[in-house]
Amino acid sequence: MDEMAIEVEGLVKQFGSFRALDGLDLHVRRGEVHGFLGPNGSGKSTTIRVLLGMLRHDGGTVRLLGGDPWADAVELHRRLAYVPGDVNLWPKLTGGEIIDLLGRLRGDLDEARRGELIDRFELDPTKKARTYSKGNRQKVGLVAALASRTELLVLDEPTSGLDPLMESVFQECIKEAVDEGRTVLLSSHILAEVEALCERVSIIRAGRTVESGTLDDLRRTSHTSVSVRTERDVDVADVDGVRDVRTEHGHLRFEVDNARLPAALDVLTAGGVLSLTCSPPTLEELFLRHYDEPGTAPDGDDLQP
Amino acid sequence: MSGPSHREGAIGLVRANLRRDRIRIGVWIAGITAMVGVSAQSVKALFPTQADLDAAAASSDNPAIVAFQGPPYGLDTVGGQIAFQIGAPGLVLVGLMALLQTGRLTRTEEEAGRLELVRSLPVGRHAPTLAAGVVVGAMCLAVGVLTAGALVVLGLPTAGSVCFGLGYTAVGAVFMAVTLVTAQMSENPRVANGVAGLVLGASFILRAIGDAGDNALSWLSPIGWSQQTRPFADERWWPFLISFGVTAVLFVAATKLEDHRDLGAGLVAPKAGADRAAPRFASPFALALRLQRGSVAAWAGGTAALALVYGGLTSAIESFIDDNPQLEDFFTQSGGDIGDITSSYLATSAQVTALIGSGYVIQSVLRLRSEETRERTEPVLATATSRWRYWLGHLAVAVGGAVAVLVLSGVVLGASAAAVMGDGALLGDGFAAVLAYLPAVLVMAGVPALVVGVVPKFSVAAWAMLMVTFVVSFFGTLLDLPGWVLGISPFDHVAAVPVETLSAASVAGLTAVAAALLGVGAVAYRRRDIPA
């Protein structure tokens, strides 16, 4: 069996003159929870729709569970479950009916698990979908997907609208899924969720992958915040990879790329270090760097709305 | 409860509505005005001399034609003929315009959640209702003023033209107010439009019975109120008081109802449903059927009711002809005998029935598209459901529903005609007359299927096919349209059973066209992006 659950190379998707995906890469190993991150409009949902065989791609290669998502859609869909970011339901069907329908159409509905999930997510399955709140609609989608035993879960911002209690139920469920050896592709904006669940992440911007690896890798290849007091004035601004140099409360503060940290430390040591604090970037800083900085995306495009 | 503050923001909403729907509104107004203008010109051309008018007056004044068109007033004048020929279908169209636009601006907005966003601004509770009323009211007024103007330009008497135009405005206003009320009832926009549509259908049927009989029931119909103003035939203006009075009462009722419900909710609270799906609820067909069964039942019921009325009026024509033997020539000029009068009447009734069946089948096929734009298609296609099965499920419900509508109304038309005439053979005649339209109705299913597959963003254009067929069927000869235009309407290729015999060639031809449209639509749907 393939080691990779999802293999995407150089994916291109064009909507008229707009290039939604512009050479995107995504590699998800079997059995891992893979975080799929990027600003709004960066192409996450478009990628997922290509993976589900909803959209035809215009370039690159896509393999999903060893098959072609467009040509083998029906066979592949027996082996995956999907939760959209905005679960839209048929207003006059009840949540319970929708869960049953989607499970039966997939051909995989675990009765015991269905009941257990409805309890855990505190969902009232007798209500008409018209009356569900955003969070409750999302629960219907989650129960319908998680009540399966499929080997792959494709989740597109699945917890939008859930309260913190339900968010933690969701995280438990994903951990259980991984313990069973299932693979999860999780697109999310909730960094705590990503940090708690994902071994590896891919960050995309403007239709391209800008970063991919384990969270530790990302931290390593990122930058360090330095706060220092020295005996003599030092000039670190000239060191390659040093940014944001400023003085606050008698401390010199700056950011430095991890690769250039030794060079920066050499300069500081020469000035006589009195006190020194180095902190790794928070997850938030890590993401903001990719979301925000114009220089990060190869073409420097602004975010698509 | 309805102080000025509840109406705050209405002016801004009026502006926003006009801006958003300017094209739609313009098309409605221009379309109806053009239809009236062109038809009126044709009527003028049709009856160049007073002798022509007198002959037409003598032949038109019979219950069967009256049931379709309206009360016969002043038929020996050009104006009277115009009001008679284009009055009723035009009034239905204006009612439909007001109904659809009002539903669109009220409950559809509310269900989509956009109204909530609007109401979070300094906008009063009644402002959206008021704004919808102003916009739709202005549309109705524009239609009235422009049609009246067009008739005056064509040289018709001013008083009659104004009366005619005001009749259009009045019927539109009533159905605007009716829809404002039905929009309060359920949180589902389909219910709001559907109930208002039932009222429109009932109005047409009530006036059909009333006009063919003693007029009493016509006074229960908003369409009747406008027709009873007798444009071009010694106008009387007081029936407008009924129309506008009812409009005012319904408008106030709508705001009162609005005071007693929450945003997003209906007056009828939704009930708890099943926690498990029925065992057989497990296929795309079952889903499509569940989504549309109410709509199939409503269309079938409405069409059957109309068929019952038309079938029941069969005896009225017969006796009318007996009283006026000179008319026999008019009805049998194609060389038939007296039996053909009943036959041609049944054929005309069948055409109306099939037209309604076409409306059903178009909206039903378009459901495929609305499911997609509401993002309900993706979750189903993300299961082990092929696009082909999904498409087939929807189309099966659409086509199966159309067959059900036609069969039911065919049986009802035939049975009611047979019952009033005491002639069992009419059962088969009526049934055959309606069923003869089945291949044409399949073409009507093929058009939206093609559009949804090939140019999904323009799906709504499929309705143009119904409009063309409607115009060709009712105004084709009046407008003196060229043969190729008539030929676009699938109905133009249907044999008028039982007057004519079914032609195997036309059945085969229409079926082949339908199959081609459906086939191309299916293939395109399977190959394109979803959502597109």
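Every read-out reported here was derived from the displayed coordinates using simple, explicitly stated rules and does not represent laboratory data. The structure presented is a predicted model; accordingly, all values stated were derived computationally and were not measured. Quick reminder, even Gly has a Cβ in these numbers, built from the backbone with ideal geometry, and neighbours come from all protein chains shown.
Quick look at the numbers
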item: Proximal lysines relative to residue A:127, as straight alpha-carbon distance under 16 Å, when same-chain residues fewer than 8 apart are discounted; result: A:92, A:139, B:271
item: Contact order normalised by residue count of segment B:1-266, Cα under 8 Å, 6+ apart, percent; result: 25
item: Within a Gaussian network of chain A (alpha carbon springs, distance under 10 Å), most fluctuating of A:239, A:178, A:226; result: A:239
item: 0 to 90° range, to nearest 10: angle between helix A:261-270 axis and chain A longest Cα axis; result: 30
item: Segment B:348-413-segment B:442-489 distance, computed between alpha-carbon centres (Å); result: 17
item: Dipole-positive endmost among B:531, B:289, B:517 within segment B:280-532 (Cβ charges, Cα centre); result: B:531
item: DSSP-defined beta bridges in the protein assembly as shown - what % are antiparallel, rounded to 5; result: 70
item: Estimated dipole of the protein assembly as shown in Debye, rounded to 20 [Cβ of Lys and Arg +1, of Asp and Glu -1, Cα centre]; result: 680
item: Extreme residue, positive dipole direction of chain B, given options B:84, B:38, B:447 (C-beta unit charges); result: B:447
item: Solvent-free Debye scattering, log10 I(q)/I(0), computed from the Cα coordinates of chain A at q = 0.07, 0.13 Å⁻¹; result: -0.34, -0.94
item: Electrostatic dipole magnitude of segment B:1-266 [Cβ: Lys, Arg +1; Asp, Glu -1; Cα centre; debye, to 20]; result: 840
item: Taking segment A:1-120 and dividing mean pair separation by its residue count, relative contact order in percent (alpha carbons under 8 Å, at least six apart); result: 23
item: Net charge contributed by nearby residues that have their C-beta within less than 13 Å of residue A:78 (K/R +1, D/E -1); result: 0
item: Inter-label distance for residue B:529 and residue B:275, nm, one decimal - labels placed 7 Å from Cα along Cα-to-Cβ; result: 4.3
item: q = 0.16, 0.23, 0.27 Å⁻¹, segment A:189-251: log10 I(q)/I(0) [Debye, one scatterer per Cα]; result: -0.75, -1.00, -1.21
item: Loop chymotrypsin sites (Phe, Trp or Tyr not before Pro), segment B:51-115, which have at most 16 other Cβ atoms in a 10 Å radius of their Cβ (DSSP); result: none
item: Shielding by other protein chains, B:282-291, mean Cβ within 10 Å; result: 3
item: Alpha-carbon centroid distance for the pair segment A:241-271 / segment B:157-232, whole angstrom; result: 81
item: Net charge dipole size for segment A:223-279 [Lys, Arg +1 and Asp, Glu -1 on Cβ; Debye, nearest 20]; result: 160
item: Proximal aspartates and glutamates relative to residue A:13, as straight alpha-carbon distance under 15 Å, when same-chain residues fewer than 8 apart are discounted; result: A:22, A:25, A:58, B:529
item: Proxy reagent accessibility, fewest Cβ within 10 Å first, across B:204, A:18; result: A:18, B:204
item: Estimated vicinal HN-Hα couplings, Hz - segment A:276-283 in sequence order (Karplus 6.51, -1.76, 1.60; Gly, Pro = x); result: 8, 10, 10, 10, x, x, 6, 4
item: Surrounding net charge for residue B:20, when Lys and Arg each add one and Asp and Glu each subtract one, Cβ distance under 13 Å; result: +4
item: q = 0.18, 0.21, 0.25, 0.26 Å⁻¹: log10 I(q)/I(0) that the Debye formula gives for segment A:223-279, counting C-alpha atoms only; result: -0.49, -0.68, -1.00, -1.09
item: Neighbour-limited loop hits for trypsin sites (Lys or Arg not before Pro), segment A:202-256 (at most 14 other Cβ within 10 Å; DSSP other than H, G, I, E, B); result: A:232
item: Stretch gain in nm, segment residue B:55-residue B:386, where the contour uses 0.36 nm per residue and the Cα spacing is subtracted; result: 113.0 nm
item: Local electrostatic count at residue A:160 - Lys and Arg +1, Asp and Glu -1, tallied over other residues with Cβ under 15 Å; result: -3
item: Helical contribution to [θ] at 222 nm, DSSP H n ≥ 4, -39,500 (n - 2.57), averaged over chain A, rounded to 500; result: -9000 deg cm²/dmol
item: In degrees, nearest ten, helix A:134-146 long axis to first principal axis of chain A (Cα); result: 70
item: Inter-site label distance for residue B:248 and residue B:19 at 7 Å from Cα along Cβ, in nm; result: 3.4
item: Highest-MSF residue in chain A out of A:188, A:45, A:227 [GNM, Cα springs under 10 Å]; result: A:227
item: Helical segments meeting 30 Å axial Cα length and Kyte-Doolittle -1.0 threshold in chain B (DSSP H); result: B:22-46, B:78-105, B:127-153, B:158-185, B:189-212, B:239-259, B:284-312, B:339-373, B:387-421, B:504-527
item: Per-pair calculated FRET efficiency, R0 = 60 Å: residue B:112 and residue B:501 via Cβ, rounded to 0.05; result: 0.75
item: Chain B, helix-only ellipticity at 222 nm - DSSP H runs n ≥ 4, -39,500 (n - 2.57), divided by all residues, nearest 500; result: -24500 deg cm²/dmol
item: Where trypsin sites (Lys or Arg not before Pro) fall in DSSP loop in segment B:182-243, at most 16 other Cβ within 10 Å; result: B:236
item: Cα-based helix-to-principal-axis angle, A:164-179 vs chain A, degrees rounded to 10; result: 80
item: Amide H partners (placed H, <5 Å) of residue B:8, local residues excluded; result: B:124
item: Relative contact order [Cα under 8 Å, 6+ residues apart], chain A, whole percent; result: 20
item: Dipole of chain A, positive end: most advanced residue of A:281, A:140, A:38 [Cβ charges, Cα centre]; result: A:140
